[in-house]
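Engineer: One structure is given below, represented as structure tokens, and several questions about it will come after.
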Amino acid sequence: MSNNRTCYVHCNVLNIHTGDWIENCSISICDDKIAGIGSDHCLPKDKTKVVDATGLWAIPGLIDAHVHLCDEVEPALLDEFDLSEPKEQSLQRAVRNVRQALSTGITTLRDVGSADARSIWVRENLSRHLDAVPTILSAGNIITYTDGHCAAIAIEVSNKQEIYDAVKKNADAGADLIKVTNDPEDDEAQGRGSDPTLSVNQLGYLVEIADSFGLPVACHTFPSVEGVRRAMLAGCHTIEHAVPLNNDLVTELETSSSILVPTVSAAIDEFPLNDVINNFPGGELTPAHKTFFNTNVARDRHSPLRPGGAPVSVKEWLKRISTFLPVGLKNDNIAFAVGTDAGCMGTNFRSAPREIFFLNEFGASTLKALQFGTIGGAKALGLDNVGSIEVGKNADILFFDSNPLMDLTTLTRPQMVLVKGYQIPDGELNNESFN
């Protein structure tokens, strides 16, 4: 370390745990860590670069717990599903995606699966093209049941030996977590699953083997009661695309250690924009709604991983979200994290603020929604060095010209973004419009 010190003075600093602001405060940074927080006279002055942050509001860098780093947002460019694609091409795509994330203040990303485990190699090579690299966790190869979701690019398993071999392959490749997909049916999601899906015992064995390698498990399950329940009972660390689907399931989740990652943004992006607007719960859209709906242009896109298109109508899907998600979001005993599915189904890498907005819209308080995208994400990823502005943690800090807890659209206009102490150049920030 070079022992470079920078002090951002006269700003308001958010205690993300309580929602309180420390006013007219200064943040001292040494290299990539936060070295001090307090009044100006408490911070080192010798050989310290001072940055005037008067009147700015500082919050922790955002965390997106569900992305596909090597995937392409544009519908016409689907090379990521070509297993013969050169890794350098995947790397260039990932560089674009990371730059987009950093432009909006997303400083930690969890990649939840890629073709040929290439996201692990990409993670290790991003620094060749970027001055600052966010904290990135990579899952490597997706694991699925026979003919399951993402089978075209996944490792298919049907018995214990295959499960063990698949987990070990990812662990040996340097994965930070294991991603498994499982889509069992129930009465509320007819036609979505297929046999044979993974049983609770099989999922539990996968979790056990992953744990023996020191790896948590993220389980994709299309939101069905049975899918979420199996992942929960098996002890999966996070449940992806999870929307609590009835009151009984909410009661079970209260005593579970699993963290839910709803990915509302991706679900909405799966449908044409006008269809979403016309069926969005609550009637007429506010300017805030329009700000976040304009972040992406949802397309009539059918992914090669979902040849039949969306499994339910936009009206039915929005009804499910608005009926069942609030029950979980308003329950303090159920943990959530922000995830967007960026790179998939047209969802871009600037979508974490949208997800925070939608979680607030569907029942979480403004503070809780922001916590899901910061300390909640850190918990989901098992990281203790990100998610809050505290001494010793990574200097991942966002500065805004107004209080984001008063207006979440403020998250679309960062004035400064620090990732591990490096300040993203002003010209690379997305601070004018989210459209």
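The values are calculated or read from the model by the stated rules, or taken from the named source; none is laboratory data. The structure presented is a predicted model; accordingly, all values stated were derived computationally and were not measured. So basically every Cβ, Gly included, is an ideal-geometry build from the backbone, and we count neighbours across all protein chains shown.
Engineer: Six or more apart or on different chains, Cβ under 9 Å: which pairs go from a residue in the range 328-342 that's among the acidic types (Asp, Glu) to one that's assigned to a loop (DSSP other than H, G, I, E, B)? Could you list them?
Structural biologist: As it stands, the answer is Asp341/His68; Asp341/Val112; Asp341/His241; Asp341/Thr263; Asp341/Thr347; Asp341/Ser351, since those pairs meet every condition given.
Engineer: If I filter the range 225-244 down to residues being in a loop (DSSP other than H, G, I, E, B) and crowded, with 24+ Cβ neighbours inside 10 Å, which single residue comes out as modelled with the lowest pLDDT?
Structural biologist: Here the residue is Pro244.
Engineer: May I ask you to verify whether Asn24 is in a strand (DSSP E or B), in the same structural domain as Asp407 (by TED's automatic domain parsing), more than 22 Å from Lys379 (Cα to Cα) and at pLDDT below 95?
Structural biologist: yes
Engineer: So is Thr18 modelled with pLDDT under 95 and among the hydroxyl-bearing types (Ser, Thr, Tyr) or not?
Structural biologist: no
Engineer: Okay, moving on. Counting only residues that are touching a residue at least 60 places away in the same chain (Cβ under 8 Å) and within 18 Å of the chain's Cα centre (by Cα), which one in the range 203-221 is farthest from Ala166 (Cα to Cα)?
Structural biologist: Here the residue is His220.
Engineer: Out of the range 278-302, which residues are at pLDDT 75 or above and of a type in the set (A, V, I, L, M)?
Structural biologist: Ala288
Engineer: OK, next. Taking the condition of being crowded, with 22+ Cβ neighbours inside 10 Å and part of a helix (DSSP H, G or I), how many residues in the range 106-116 meet it?
Structural biologist: So the count comes out to 1.
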